[in-house]
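Reviewing the structure listed below.
Derivation of every value follows stated rules applied to the coordinates shown; laboratory data play no part. What you see is a predicted model; the values in this text were computed from it and never measured. In this analysis, Cβ positions are derived from the backbone assuming ideal geometry, glycine residues included, and neighbour counts consider all displayed protein chains.
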Amino acid sequence: MESVKIKELLDAYFEGNTSLEEEKSLQGYFNSGTVADEFMQYQPIFAGLKVAREERSNKVFSLPKNKSKKNRTQWYSAAAILVIAFGLGSFYFSQPHYTQEEKEALAAFEKSKSAMMLLSENLNKGAEQLSFVDQFTITKDKIFE
């Protein structure tokens, strides 16, 4: 091969722009034993790739068996039911439970509270009227002086 062609192929190879055929021709050139002196520095790379390609592992790998999705779905369903039951139970037990006597006391309290609010409103209206009486007194005192 021409050294110019090899140089172009090497540049494209290191940039990742070569096709499989071009890579095979580079590997064939560097593994042939007749490599130009200017490209000797690249020969160990291609020799290492050749050795790595020929390596085989003797170890037997076994993949874990997949559990069926149906079994997994049943567990998800059971977990969802437990979460919902826990939520409903905590909501139910967090609500106050009053006896009949306590309910009557709360109703009486609400009625007395509304009566007090009505009384307060009426007293406030009366206090507003007192400000007019005060003004009347001040004006009367000015007139009779």
I'd like to check something: does region 77-90 contain any residue that is over 30 Å from S3 (Cβ atoms), of a type outside the set (D, E, K, R) and not in a helix (DSSP H, G or I)? no
Just to verify a result, which residue in region 84-105, among those that are loosely packed, with under 10 Cβ neighbours inside 10 Å and not polar (S, T, N, Q), is farthest from the chain's Cα centre (by Cα)? E101
Filter result (of a type in the set (V, I, T) and surrounded by 12 or more Cβ atoms within 10 Å (Cβ to Cβ)) within region 17-50: T18, V35, I45
Restricting to region 22-77, and then to whatever is touching a helix residue (DSSP H, G or I) at 6+ places or on another chain (Cβ under 9 Å) and polar (S, T, N, Q), can you tell me which residue is farthest from L10 (Cα to Cα)? N31
